[in-house]
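*Asks:* The structure's right below; bear with me while I get my questions together.
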Amino acid sequence: MKLPTLITLLLLCSLTLSAQVRLGIRAGLVNLNVPSSPNNIPGGGSSPELNLDVDEAQFGIQGGFVLQIPLGEKWIVQPEVIFNSNRVDYEVEELRSSGAVSKVLSEKYQYLDIPLLLHYRIGALRLCGGPLGHVYINSTSDLLAYENYEQRFEDLTYGYQIGAGLDIWNIMLDVRYQGNFTRFGDHMYFNEQRYDFDQRPERLIFSLGLLLGK
């Protein structure tokens, strides 16, 4: 948990050194894109052989707190602590001796996202970018109905965000692209073997924020 610890220390130092630090809240919608190809999964125990692919990635929601730390007139350091919830639907084809059976099964994930972004102001416009950590909280999955399926989430994974924002008085409008350094589905284990997909997940985030105080 080195990244959350570092951000906490930065926050404490900045609050001590700068009277212009501003606290805010932010909420938004997240569109998850997972380009992939089907995975053929051997049966195990009472579980049949499967063809598994991403059917649809639903819009997720997020919300949390931001802190703006000015570095002169143009630059801002903005750490955030954001609760993030997403759902993914999988197209599952069960290959049985009596024939194939298709169904759609869902998984839901909850993470605490901790971005550390550097913003550059151009008038009311902001350009931003920086790293983030995903702290795993919880998940539920319809795939757990299969005896040979198991979830193994890492406690902390990493990614990055780049984007642009517009400030109107105390209101922040942001659009961001989020990339990740781990492949989608790296938590999915069938028959003790990991079945991650070909691509890393991409997210497009639309958010509305409010800065508190002057």
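*Asks:* Taking amide H positions as placed in the peptide plane 1.01 Å from N, state which residues far from D55 in sequence (5 or more) or on other chains have amide H under 5 Å from it.
*Replies:* D89, Y90, E91
*Asks:* Using only the alpha-carbon atoms, how far is helix 2-17 inclined from the longest principal axis of the chain? Give it as 0 to 90 degrees, nearest 10.
*Replies:* The angle comes out near 20 degrees.
*Asks:* Rounded to a whole number, what % of the accessible area of the chain do carbon and sulfur atoms account for, probe 1.4 Å? Show your work: numbers first, answer last.
*Replies:* Numbers: 6480 of 10960 Å².
With neighbouring chains kept in place, the figure for the chain is 59 percent.
*Asks:* Name the residues whose placed amide hydrogens come within less than 5 Å of the amide hydrogen of R126, ignoring near sequence neighbours (fewer than 5 apart) on the same chain.
*Replies:* Residues meeting the amide H criterion: G165, L166, D167.
*Asks:* Using the reciprocal of the averaged 1/r over all distinct C-alpha pairs, how large is the Kirkwood radius of region 30-117 in Å? Write out the running numbers ahead of the final one.
*Replies:* On the way: mean 1/r = 0.0619 Å⁻¹.
Every distinct Cα pair counted, the radius reaches 16.2 Å.
*Asks:* After finding the eigenvalues of the alpha carbon gyration tensor for the chain, what semi-axes result from the square roots of 5 times each, listed largest first in whole Å?
*Replies:* Working: eigenvalues 326, 54, 32 Å².
That gives 40, 16, 13 Å for the three semi-axes.
*Asks:* Accessible area per residue for region 142-214 in Å², computed with a 1.4 Å probe and the full protein assembly in place, what is it?
*Replies:* Dividing the accessible area of region 142-214 by its residue count gives 54 Å².
*Asks:* Right, something else. Which order, highest average first, do 134-140, 118-124 follow once you tally other Cβ atoms within 10 Å for each residue and take the mean per peptide? Provide the component values of the computation, followed by the final result.
*Replies:* Values: 134-140: 15.3, 118-124: 13.1.
Highest-to-lowest ranking by the protection proxy: 134-140, 118-124.
*Asks:* Now, a different point. For the ranges 39-47, 103-111, what's the packing order if you count other beta-carbon atoms within 10 Å of each residue, average per peptide, and put the highest first? Don't skip to the end; give the middle numbers.
*Replies:* Numbers: 39-47: 14.6, 103-111: 16.2.
Top of the packing list down: 103-111, 39-47.
*Asks:* Kindly provide the pair-distance distribution of region 81-161 built from C-alpha pairs, with 5 Å bins from 0 and whole-percent values in order of increasing distance.
*Replies:* Percent of Cα pairs in each bin: 3, 12, 16, 16, 13, 12, 9, 7, 5, 4, 2, 1, 0, 0.
*Asks:* For G43, which sequence-distant residues (separation of 5 or more, or a different chain) have an amide H within less than 5 Å of its own amide H, given hydrogens modelled in the peptide plane?
*Replies:* E49, L50
The values are calculated or read from the model by the stated rules, or taken from the named source; none is laboratory data. Please read all numbers here as calculations on a predicted model, not as lab measurements. Cβ coordinates were reconstructed from backbone atoms using ideal geometry, including for glycine residues, and neighbour counts include every protein chain displayed. Ligands, DNA and RNA are stripped out before the accessible areas are found, and what is left, the full protein with its side chains, is counted by its heavy atoms. Shrake-Rupley method; radii C 1.70, N 1.55, O 1.52, S 1.80 Å.
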